[in-house]
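Worksheet: one structure, shown below.
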Amino acid sequence: MTTKNPETSTVAEYDYLVVGAGSSGCVLANRLSSGGKRVLLLEAGPADRRRSIRVPAALTRLQHTELDWEYVTEPQTHLEGRRIKVPRGRVLGGSSSINAQVYLRGHRADYDHWARLGNEGWGYDDVLPYFERAERVGSDSGPGTRSESGLSITPLRDPHPATDAFIAAAVEAGMRRNDQLHEDLEGVGRVYVTQHRGARWSTADAYVRPALERPNLQLVTESRVTRVLFEGQRAVGVEYRHHASVARARAHEVILSGGVINSPQLLLLSGVGPGDQLRWHGIDVVQDLPGVGRNLQDHVHVPLGLTLERLPPAVIESAASSLRYALTKRGRLASNQSEAAAFVKTDPELDAPDLELLLAAPELQPLYLTPRWAAARLRDRALVLTGRRRRSLPRMLAISPVVIQPQSTGSLELRSTDPLDSVRIDPNYLSDRRDVDLLVAGFRLARRIAATTPLSDHVDAELIPGPRVQTDGEIEAFVRARARSLQHLAGTCKMGSDDLAVVDPCLRVRGIEGLRVVDASVLPNITRGHLNAPAVMIAERAADMISSRADSPPAATSPY
C-alpha cells in the first residue's frame, strides 16, 4: 500500500476531509469516496505494515509501541492514586489494529435509551441496518452477518478448552447460553471476532484497502492534525504536520474521527469547548461548548487469575503454535485471548444486564525467529535480571467482572496549547459507590463459576488475588488496588440537545457549520458491549447523513 505525500506549497481542496483513520474514519473514507467525492484521509500514525498486527494473539505486543498513543490517566483518587494505562491505536486502522478484536453490538436498551434522550434516529431499530451493513458474509463468518462488504465477523477458530468449560460452568450456575450477536445479550457464549481466515481484520483491511484504487481518495499517514481552520463560524479545513512540513487542506466539510481523546483535544486546540478553559490557555474562543471533554465513560474490570492444570510450558507451546499458525492460520495464535463473555443482571428487575464476565484464555505470544525479536527478548530478560522489571506471572486464565453501565464519569482537558502534548485524562474511576459494589458482586460470581464443574476440573489454583481475600472489605480493597480500564473510553463529544451536548443527532458540532464528529466520543451513554462495533455502526450511519446532506437523520434504509 502506498500513501501520497501532501502538497506543502499549495492548499489542496477536497469535498470531505476525515481526520483519523481508525474504526470510524476508515469507514467514512470508503463510503464517502464511493460516490466520486474527493476525500482526504489523514492519519497521525504509520501504515499498518507490522507483521504482528495480523496475528490475533500478538495484541499485547502492539501496545506500548510506536503504534500506541500510550495514554495514561491522571492519578485516580479511588484506585489508590494509581495512573491507569489506556492504550489507543496510533496506526492505520486505529484501535481496530491493536485491540482484542471482540465484536459486540451492545444491547437493544442502549440505543433505545439514546433515542429517549432526544437523539432521533438512533434507536435500536434505526441502527440495526447499519450494523448489518458493516457485517461481512464470509466463509468463516457467523450467523446474522448479511453484508457483502465491511468487517469480517466470525466465531473463534480454535478456542481454548477452558473456554467451553467456562461456558458450561456458567450454565450450571444458572445462566443461559446466548449468541453474542443477539440484541438481548443476556447469557453466556463465545464472542465473535473481527478476523478473516485466522488473521486480524481491521477497519483498514475492511474499508480502506478496497477503496485505495479510487483516484478521488487520498490517504496520508504520519500526519498529525494540529487545528481546524475556521472562517467565522464555518470550518473550512485543517492544518497538519507531515514529517518536517506543515500543510493545510481545505474541504466543504471537516469530519473529526480521531477518537475519544484526540477529537475533543483537537476541538479544544481549535477554539471549540469550555470558554473558561480556552481563555485560560490563551486560545481564542470560536464556540463556547462546555461539554467538550466532559462525560468521559469507560468499562472498568478487575481480574480473577487462575492457574490451570496440565498447561504446557510457554516456550514449547509457543514454538508449536507458531509453526501451526504459519502453516494453517489456526491454533492458539489465532485466538484473541478474550474468548467468551457472560452478561448478567445482578438485579432481576433490571431491563438489561449491568455486569459482564469476560474470560481471557492464557496468554501466548508468537515466536518470531528474527534478529529484532531475539534482541527484544534478550532486553526483556536483562530488565528482569537487573530488577528494573518484575518477573512475569505464570500464564493464567482470567475471569474479569466488568462494569458495563458505569455510574462514574470523568473528563479530559488540555495540558497545554502544544498539539503534541497529551491531554489530562481523568476518568474518575469508581468514584460512584454503585460501581464498586457491582465489581465486588461480580467478583464473587466469578469465583462461584470457577468453582463449578467442568471449569473447576481445569483449575489448579487461584493466584490473583488468592484465597486469603474473602470478606467484602478485602475484595473491595483488592478491586481498588487492581481495577483497570478495558480500553473502552467513550462520550467526550456527546450527541444530544442538552447543555453538555457537543454534536446534534446528525453529528454536527453545535454552533459550527461544516464540522462533524464521527467516532465513539459521540456516545451519550456507553453501550453494554465492546465499542469497536458501535464505532463502525456510527460511521456507517453518518455516511448516509453526510451523503444525503439531510437536516435530520435519514431513514435507516436510505441508499448511499
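The values are calculated or read from the model by the stated rules, or taken from the named source; none is laboratory data. Small disclaimer: the values here were computed from a predicted structure and weren't measured. Every residue, glycine as well, gets a Cβ built from its backbone with ideal geometry; the counts of neighbours run over all protein chains shown.
When restricted to residues that are within 20 Å of the chain's Cα centre (by Cα) and either surrounded by fewer than 20 Cβ atoms within 10 Å (Cβ to Cβ) or not basic (Lys, Arg) (or both), the stretch 240-294 contains 14. The residues of the stretch 165-203 that are of a type outside the set (Phe, Trp, Tyr), in contact (Cβ under 8 Å) with a residue 60 or more places away in the chain and in a helix (DSSP H, G or I), listed by number, are ALA165, ILE167, ALA168, ALA169, ALA170, GLU172, THR203.
Flag: PRO46 does not match the condition of being free of Cβ contacts under 8 Å to residues at least 12 places away in the same chain, farther than 22 Å from GLU540 by Cα and surrounded by fewer than 16 Cβ atoms within 10 Å (Cβ to Cβ). For the condition over 25 Å from ALA342 (Cα atoms) and either of a type outside the set (S, T, N, Q) or within 16 Å of the chain's Cα centre (by Cα) (or both), ARG105 does not qualify.
Restricting the stretch 465-524 to residues that are of a type in the set (Gly, Ala, Ser) and in a strand (DSSP E or B), the residue that is surrounded by the most Cβ atoms within 10 Å (Cβ to Cβ) is ALA490. Scanning the stretch 270-285 for residues that are farther than 15 Å from THR492 by Cα and touching a helix residue (DSSP H, G or I) at 6+ places or on another chain (Cβ under 9 Å) yields GLY271, GLN277, LEU278, HIS281, ILE283, ASP284, VAL285. On inspection, ALA320 passes the criterion of being surrounded by fewer than 18 Cβ atoms within 10 Å (Cβ to Cβ), touching a Lys or Arg at 6+ places or on another chain (Cβ under 9 Å) and either under 17 Å from ALA58 (Cα atoms) or among the aliphatic types (A, V, I, L, M) (or both). Checking ARG209, ARG214, ARG200 one by one, the residue that is touching a Pro at 6+ places or on another chain (Cβ under 9 Å) and not hydroxyl-bearing (Ser, Thr, Tyr) is ARG200 and no other.
Based on this model, can you work out whether ARG209 counts as in contact (Cβ under 8 Å) with a residue 24 or more places away in the chain and outside any helix (DSSP H, G or I)? Judged against the criteria, ARG209 is not a match.
The sole residue among VAL86, VAL91 that is of a type outside the set (Phe, Trp, Tyr), under 21 Å from LEU256 (Cβ atoms) and free of Cβ contacts under 8 Å to residues at least 60 places away in the same chain is VAL91.
Condition check ((1) surrounded by fewer than 18 Cβ atoms within 10 Å (Cβ to Cβ); (2) assigned to a strand (DSSP E or B); (3) under 14 Å from the mean Cα position of the chain (by Cα); (4) modelled with pLDDT of 95 or more) across all residues:
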residue	(1), (2), (3), (4)
HIS64	yes, no, no, no
HIS78	no, no, no, yes
SER96	no, no, yes, yes
ALA109	no, no, no, yes
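Determine whether the stretch 399-419 contains at least one residue that is in a loop (DSSP other than H, G, I, E, B), farther than 25 Å from ARG294 by Cα and modelled with pLDDT of 85 or more. Taking every residue of the stretch 399-419 in turn, none turns out to be in a loop (DSSP other than H, G, I, E, B), farther than 25 Å from ARG294 by Cα and modelled with pLDDT of 85 or more.
Taken over the stretch 166-192, residues that are more than 17 Å from GLY529 (Cβ to Cβ) and β-branched (Val, Ile, Thr) amount to 2. Among the residues of the stretch 132-146, those that are more than 17 Å from ASP179 (Cβ to Cβ) and either at pLDDT below 55 or in a loop (DSSP other than H, G, I, E, B) (or both) comprise GLY138, SER139. Within the stretch 50-62, the set of residues being basic (Lys, Arg) and at pLDDT below 95 comprises ARG50, ARG51, ARG61. Among the conditions (1) under 30 Å from GLY331 (Cβ atoms); (2) in contact (Cβ under 8 Å) with a residue 24 or more places away in the chain, the only one that HIS64 does not satisfy is (2). So, in the stretch 22-48, exactly how many residues are in a loop (DSSP other than H, G, I, E, B) and within 18 Å of GLN101 (Cα to Cα)? Here the count works out to 4. Among the hydrophobic types (A, V, I, L, M, F, W, C), surrounded by fewer than 20 Cβ atoms within 10 Å (Cβ to Cβ) and at pLDDT 95 or above, is that true of LEU229? For LEU229, the condition - among the hydrophobic types (A, V, I, L, M, F, W, C), surrounded by fewer than 20 Cβ atoms within 10 Å (Cβ to Cβ) and at pLDDT 95 or above - is met.
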